[in-house]
1. In whole Å, how far is the Cα centre of region A:87-127 from that of region A:139-179?
2. Taking the 0 to 90 degree range and rounding to the nearest ten, how far is the long axis of helix A:141-154 tilted relative to the main principal axis of chain A, both from C-alpha atoms?
3. With Kirkwood's inverse mean 1/r over C-alpha pairs for Rh, give me the Rg to Rh ratio of region B:158-284, two decimals please.
4. Could you tell me which residue out of B:ALA301, B:LEU235, A:THR316 lies farthest along the dipole of the protein assembly as shown toward its positive end? Charges go on the beta carbon: Lys and Arg +1, Asp and Glu -1, centred on the Cα centre.
5. Jot down the radius of gyration and Dmax of region A:145-270, Cα atoms only, both in angstrom.
6. Estimate the FRET efficiency between B:THR131 and B:SER156 by the formula 1/(1 + (r/R0)^6), using the beta-carbon distance for r and 22 Å for R0, to the nearest 0.05.
7. Report the local net charge at B:CYS305: Lys and Arg +1, Asp and Glu -1, summed over other residues whose C-beta lies under 13 Å from its C-beta.
8. Starting from the Kirkwood Rh over alpha-carbon pairs, what translational D in µm² s⁻¹ does region A:93-193 have by Stokes-Einstein at 37 °C and 0.692 mPa s?
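No lab work stands behind these numbers, since they all come straight from the coordinates. Not measured: the values here are computed from a predicted model. Using ideal geometry, Cβ is built from the backbone for each residue, glycine included, and neighbour counts are taken over all protein chains shown.
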Amino acid sequence: MTTDTRPSSAAPLPTEDEVVLEVSGLDVDIRTPKGTLRAVNDVSFTALSGRTIALLGESGCGKSMTAKAIAGLLDPVASVTGGEVNLSGTDLAALTPRQRLKFAGPELGIVFQDALTALNPVYTVGTQLGEAFRIHRGLSAKAAKAKAIELMGHVGIPQPETRVDSYPHQFSGGMRQRILIAMAVALSPRLLIADEPTTALDVTVQAQIMDLLRDLRTESHMAIVLITHDLALVAEEADTVAVMYAGNVIEKGPVAAVFSEPHHPYTKGLLDSVPVGAERGDDLTSIPGSPPELHDIPRGCVYQSRCPLASELCRTTRPALQATGEGREVACHFWKELAVA
Amino acid sequence: MPDLLDAPLLDIRGLTKNFHVASAKNGNNVLCALDRIDLHVNRGETLGLVGESGCGKSTLARTLLMLERPDAGTFRFDGIDPFSLKGKALLAWRRRVQMVFQDPFASLNARMTAGEIIAEPWMTHRDLFPTAAARAERVRELLILVGLRPSDAGKSPQEFSGGQRQRIGIARALALGPDIIVLDEPVSALDLSVQAQVLNLLNELQQRLGVAYIFISHDLSVVRHVADRVAVMYLGRIIETGTAEQVFERPRHPYTAALMSASPRLDAVEGRRQRIVLKGEMPSPLDPPSGCRFRTRCWKATEICATTAPAPTAPTGEPEHLAECHHPVQRGEDSGLLARAS
């Protein structure tokens, strides 16, 4: 499907399982007329080269806000108020926006959900793809266009020589997503953040895009942070998973272990809600209620109002993430009881 | 389609809908959105309608609601052709088919209360609940029926969560006592934990009220859970239909097999599986391929697929499991290996 035209890269390829990104104790606050809200609370995780870590959660859980904080793309009302975002030895959170520009492209690429709004409608895709080479590599417009054609072929866009002068609206949804991925990987970044990259796409196109991401990861050993609400996509694509709820990471570990034997009642509730194997007419197990609003996050455990195991302790004390062995962590006072239940 | 079941509630044959578009591509300005669709829905059952964007699902749904007039074909609803109705008879018919929309945020008027939204259909169908007291009482009953509180009638949509809003949309669809509800992606905008609540509600309502559903969705695991029968659409045609078990357990059309294979699966962590990854994208409906419409992306396509459109066929012993393919997928066939050779 893809032709072998890897964009030439100055830096040597990293090897597998190197720490590329280390997020520790990240806090993001949003200023609103009602007061300051904590959208991301004490989030820590590590992304390794050649691996995919998934941030999994429902809408409003803070997964996209975490991604935007890492990339420095937070809205003006939101700001990082604590923690570190360490990318290849530099704390991104401590940099000014101008200093950050150097990292966008060569070190970090990002793919958004909606390719049509992420691309500029008044420039050709060739111009937009070549931008990275003009800015970071100082290439001429002509040389940058040649690079753009090479990239388009690399991500599987047919006839790149003629398509390079087309505008974003002239491509299908799947092709636009390929263009966005091409832009993100143009300078062979060490880290790729993919924020719901296939949510707007049909399943057969989703399969093509996920295959492309996996091929690119294998070639360049980049680390991928996959942000999604789709449990099955995590099962297929990720090595490790961090499950988020109401701004907090509530469970973390290798995907196979977490999904086969969840330690947090929320993770278990999510897995039980998937209609797999349930017979027609069977009642699905659902989680009662809905996630708390950001201005209404309880003291104690964030999940207490929906949790079957909640007790007095959960109402007074918020459980910290604790190691449970085999590289897993969970924020629950009663995770051992869940295994028995 | 062999008529094995007694008088289906909805029975359409050869339904065709063309749109005329201004920009002529290859000298053709007719877009065939529905091409000779045969479909039936029985009383109280759920038909799952599956397909990717642009396949004609929504045009079919709009035609069933009489929002589009078909260009050809027969349309029978409980023995009547609704397109022949006029005036009061047409108004009475419209009660019997209702719809629930995908986006519970866009489909409820933010300037009305939940009670007003649920009661709005009775502004058109005035004879159902003529007095304000009768309407208020029925709103109360409907709110309880969909798992909300009677006191919620005075709240505006913004005060509800996504799942609760979809319950209001369902109550509105039930207000006229329909025989059939078209559910267009009713849970795809909801979070997983809430999605299960709404699916359970739909199931419970069907058992209590005997209402039939046409459930349109791209999520195969959801369709598998809710549907009695399934129809798979591709480029304006139903390319495979059968009971949910037949279609999901023994898909015969390569496109159905590819769709199932492409859907991510929760059990995939046990080991990376071979997936059928289709080449390319759905061709433009303005310029559909000759012969079989799926042949341009099919790994089993041969000469005959380009020249002859396949007729629907069924395997022996399963006459209702129809697929339009010259080379149907056989049981136990390792389609994954074949497909990878792209």
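1. When both Cα centres are located, 18 Å separates them.
2. 50
3. With Rh from the inverse mean 1/r over Cα pairs, Rg/Rh is 1.00.
4. Value: B:LEU235.
5. 16.8, 53
6. 0.35
7. +2
8. Estimated via Stokes-Einstein, D reaches 240 µm²/s.
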